[in-house]
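J.: Quick one: the structure is below, and I'll ask about it shortly.
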Amino acid sequence: MASLEELKENRLQKISKLREKGINPYPIKSNRDFELSEVIKKFTALEKKKSITIAGRIMAIRVQGGLAFCDLNDGTGVFQGLVKKDETGDEIFDLFTETVDIGDFVELTGSLFVSKRGEKTLLAKKWTMLSKSLLPLPEKWHGLSDVEERFRKRYLDLIASPEVKSRFILRSTIVRELRKLFDKEGFIEVETSILQSIAGGANAMPFKTRHNALDIDMYLRIAQEIDLKKLLVGGLPKIYELGRNFRNEGIDATHNPEFTTIEWYEAYSDAEKQRDFVEKIFRTIVKKVSGKTEFDFDGNIIDVKKKFSVVTYFDLLRRFALLNSPDKASREELSLAASRLGVKVENGDSREKILDSIYKKTCRPKIIQPTFIVDYPSNMLPLAKKKTETGDIVDAFQLVVGGMELVKAFSELNDPIDQRNRFAQQEKDREAGDKEAQATDQTFLDALEHGMPPSGGVGLSIDRTTMLLGNVKNIREVILFPTLRPKKE
């Protein structure tokens, strides 16, 4: 079998042959008249035309004497072309068979007919090279066997696997339908800063960078939340942003360092109202992409028709982690429980972080049907409003489906005094070693002191929603170019 270098050299020689004939193998223009999907759809009408021009990538070639059949794919459909020596003449036919390879982009001009096998076909009078490929495509039946290579060379993965391509079309459909839904509900789409002087809005490690002109350190945002709540202060009552966030964290089946989230905020709302809205959104998206109210994920039939269940965070820990008093247990007691359950605890982890690690290991994987989890410790969500002024539980919820967290939401904290105190506790946690604790954001406190209406805020993961509806268990399957360790050549 020829090596890649040998195959490349052979194709370079074909380029030289085309150039010797005065043919540019990479012309500027294409004279395509119709997309292939349109040719297939309107075949009967177009068959009456004397000549049309189609174009696409050669996916297969079959030469039989003076006939050269080829399959063209332009991304909208696949259509058969026929280059026939009797029609084109010897020179043009021979040039086609001698210089065209699978993977090349070509243009065919001719008339439509139905072959003896009943296949809709274009009989070419002439052909044009649009782009000569130098390297071969992956084998049709085997694709890319190396999983990481699939992610590194997603362009080949898309060519080799219709299933992969359909998954990313699904993702696009989800995003489009979400935008339609929010626009219909009277929300406006906004864009906020990705480069920030303080990374806030969530408990996570940020990526740090440097702005040379300003001579300051900056961070890639970990959440859209802070800027969006400033817009609530500014009088925009219903807003959403769909965009990328960045967290300097580990990579696993549900985490990638850069990920896509839609966050929305509604003034004069709260977590309970947003629970109803989230249920409506999720049910609508499922119906739009699947045409029904249930779908399969990892061998389980997920049903969104019924009212979603509601359970408290501490009840889950009692039921699945067998913690008698998770709300009152000390850090030391939780560390011992974590050790018993095989959950790793770092020296700087707060009691809330240990609780959450236990929950993620023992509780979340067992929640398959759509379930809202409510009532979290206040120090776990320092931007959420407490249910009572003197209590230690915040009015918040997560939506978990198929063992994955899809949504995090809460009644937004708009008391600047409480917010300052909560930031102070986060600073103490940071000093104790919690690298993900939030820093005090004075610009946000200044905004809150000007007054923010009571509001409900929600974040929904586009990546995990696509995983769920695409029935895949690894986030890298739904991100076109996931983060990977550079390959050593």
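J.: Scan region 93-191 for chymotrypsin sites (Phe, Trp or Tyr not before Pro) in coil per DSSP, keeping those whose Cβ has at most 15 other Cβ atoms within 10 Å, and list them by number.
T.: TRP141
J.: In addition: Placing unit charges on C-beta atoms (Lys and Arg positive, Asp and Glu negative, everything else neutral), compute the dipole magnitude of the chain about its Cα centre in debye, rounded to 20.
T.: Value, rounded to 20: 1700 debye.
J.: OK, next. From the cross-link list LYS180/LYS287; LYS280/LYS305; LYS208/LYS408; LYS85/LYS126, which pairs have alpha carbons spaced over 19 Å apart?
T.: Listed pairs above 19 Å: LYS208/LYS408.
J.: A further question on this structure: Treat the count of other C-beta atoms within 10 Å as a stand-in for reagent exposure and order MET1, MET452, MET218, MET467 from fewest to most.
T.: Ordered by Cβ neighbours within 10 Å, fewest first: MET1, MET218, MET452, MET467.
J.: At a Förster radius of 30 Å, what calculated FRET efficiency corresponds to the Cβ-Cβ distance of ASP296 and PHE481, to the nearest 0.05?
T.: Plugging the Cβ-Cβ distance into 1/(1 + (r/R0)^6) gives 0.65.
J.: In addition: Using only Cα atoms, tell me the angle between helix 271-290 and the longest principal axis of the chain; keep it within 0 to 90° and round to the nearest 10.
T.: Long axis of 271-290 versus the principal axis of the chain: about 20 degrees.
J.: Ok, one more. Answer with a single label: of (1) 1.04; (2) 1.24; (3) 1.20, which was calculated as Cα Rg over 2.2 N^0.38 Å from the structure in view?
T.: (2)
J.: Hey, got a sec? Which trypsin sites (Lys or Arg not before Pro) in region 229-304 land in a DSSP loop and have at most 14 other Cβ atoms within 10 Å?
T.: Passing sites in region 229-304 are LYS292.
J.: Then there is this: Give the distance, in whole Å, between the Cα centre of region 242-318 and the Cα centre of region 130-189.
T.: 22
J.: To check you understand DSSP bridge types, tell me what percent of the beta bridges within region 4-131 (both residues inside) are antiparallel, rounded to 5.
T.: 90
J.: Another question, then. Using the beta-carbon distance between ASN347 and LEU135 and R0 = 41 Å, what value does 1/(1 + (r/R0)^6) give for FRET efficiency, to the nearest 0.05?
T.: With R0 = 41 Å, the Cβ-Cβ based efficiency is 0.25.
J.: For a quick check: sort SER378, SER115, SER335 by the number of other beta carbons within 10 angstrom, fewest at the front.
T.: SER115, SER335, SER378
J.: Starting from the Cα-Cα distance between LYS305 and LYS287, subtract it from 0.36 nm times their residue separation and give me the gain in nm to one decimal.
T.: Residue separation times 0.36 nm, minus the Cα-Cα distance, leaves 5.5 nm.
J.: Also, I was wondering about something else. Between the helical axis of 416-431 and the dominant principal axis of the chain, each derived from Cα atoms, what acute angle in degrees is found, rounded to the nearest 10?
T.: 80
J.: So how tilted is helix 331-340 from the main axis of the chain? Cα-based, degrees 0 to 90, rounded to 10.
T.: Here the helix axis deviates by roughly 40 degrees.
J.: Using alpha-carbon pairs under 8 Å, 6+ residues apart, how would you state the relative contact order of region 4-131 in percent?
T.: 26
J.: Work out the FRET efficiency for LEU12 and MET205 from their Cβ-Cβ distance, taking R0 = 41 Å, and round it to the nearest 0.05.
T.: 0.30
J.: Then there's this: Indicate, rounded to the nearest 5 percent, the antiparallel portion of the DSSP beta bridges found entirely in the chain.
T.: 90
J.: What lysines could a cross-link reach from LYS344, if we take a straight Cα to Cα line under 21 Å and drop same-chain neighbours fewer than 8 places away?
T.: Reachable lysines: LYS328, LYS353, LYS360, LYS361, LYS366, LYS435.
J.: Measuring from label point to label point, each 7 Å out along Cα→Cβ, what is the ARG331 to THR97 span in nm?
T.: In this crude label model, ARG331 to THR97 measures out at 7.9 nm.
J.: Do the sum for the chain: with -39,500 (n - 2.57) for every DSSP H run of n ≥ 4, divided by all residues, what is the mean residue ellipticity at 222 nm, to the nearest 500 deg cm²/dmol?
T.: -10500 deg cm²/dmol
J.: How many nm separate the modelled label positions at GLU38 and GLU249, each set 7 Å beyond the Cα in the direction of the Cβ?
T.: Rounded to a tenth, the inter-label distance reads 4.6 nm.
Laboratory data are not the source of any read-out in this text; all were calculated from the coordinates shown. The model shown is predicted, which means the values in this text are computed figures rather than measured ones. Every residue, glycine as well, gets a Cβ built from its backbone with ideal geometry; the counts of neighbours run over all protein chains shown.
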